[in-house]
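Engineer: Just dropping this structure here.
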Amino acid sequence: MSAAASPTPMLTQLDALRVIAEAARANAWCPYSHFPVGAALESDDGRIFAGCNVENASYPAGTCAERVALGAAVSAGARRFTRVVITSAALEPTPPCGICRQALVEFAPMLEVIAITPHGLIARWSLADLLPVPFTPASLENA
């Protein structure tokens, strides 16, 4: 009689997003801040787009992980998103910076934002909570 194989635990979608964000973080180019960040952005059709921060000696030329993931998603034709998972080396979960919030609100004003530390601390926000009065395409109608 052979022993039954133990079932392989299924990854939840959040687990999958975290794994993808952590893998992206491992590729971060951050020789100046030494603060690697990874992001996994989920589109409304279930596709996942990864990004990591890419710094530059000319500091303003650097790009955050969230915007790298957003650029990959838009390049692939995705326009609507449900959530983003962000991982960093910080002891506390870190939300997206203001520029990333502004870039994300264009496509997903109600985006779920989840930040996870290497030690498993998790924080959740809605993008609307993080950016309560955004500048949106509707703002341009007043011009």
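Values in this text are rule-based calculations from the coordinates and carry no lab data. On a predicted model such as this, the values are computed, not experimentally measured, just so you know. Counting neighbours? That spans all protein chains shown, and the Cβs are built from the backbone with ideal geometry, glycine included.
Engineer: If I take every Cα pair under 8 Å that is 6 or more residues apart in the chain, average their sequence separation and divide by the length, what percent do I get for the relative contact order?
Structural biologist: After rounding, I find 18 percent.
Engineer: How big is the charge dipole of the chain about its Cα centre, in debye rounded to the nearest 20, if each Lys and Arg gets +1 on its Cβ and each Asp and Glu gets -1 on its Cβ?
Structural biologist: In total the dipole reaches around 120 debye.
Engineer: Taking the Cα centre of the range 7-143 as the origin and placing charges on Cβ (Lys, Arg +1; Asp, Glu -1), which of Cys52, Phe81, Pro137 is farthest toward the positive end of the dipole?
Structural biologist: Cys52
Engineer: Cα extents of the range 60-140 along the three principal axes, largest first, in whole Å?
Structural biologist: 41, 26, 26
Engineer: Taking the Cβ of each residue in Trp29, Trp125 as the centre, tally the other Cβ atoms inside 10 Å and list the residues starting with the fewest.
Structural biologist: With the fewest neighbours first, Trp29, Trp125 line up as Trp29, Trp125.
Engineer: If neighbour count is taken as other Cβ atoms inside 10 Å, put Leu14, Leu91, Leu104 in order from fewest to most.
Structural biologist: So the ranking, lowest neighbour count to highest, is Leu91, Leu14, Leu104.
Engineer: For helix 65-75, what angle does its Cα long axis make with the longest principal axis of the chain, in degrees from 0 to 90 and rounded to 10?
Structural biologist: 90
Engineer: Something else about it: Give me the Å³ per residue figure for the convex hull around the C-alpha atoms of the chain.
Structural biologist: 145
Engineer: Which whole number of Å³ per residue matches the convex hull of the alpha-carbon atoms in the range 16-80?
Structural biologist: Cα-based convex hull of the range 16-80, divided per residue, equals 70 Å³.
Engineer: Starting with the fewest neighbours, write out Ser126, Ser43, Ser33 ranked by other beta-carbon atoms found within 10 Å of each beta-carbon.
Structural biologist: Sorted ascending by nearby Cβ count, the order is Ser33, Ser126, Ser43.
Engineer: Give me the percent of DSSP beta bridges within the chain that run antiparallel, rounded to the nearest 5.
Structural biologist: Of those bridges, close to 75 percent are antiparallel.
Engineer: Would you compute, from DSSP H runs of 4+ residues alone, the mean residue ellipticity of the chain at 222 nm, taking -39500 (n - 2.57) per run and dividing by the full residue count, rounded to the nearest 500?
Structural biologist: When only DSSP H runs of four or more count, the value is -7500 deg cm²/dmol.
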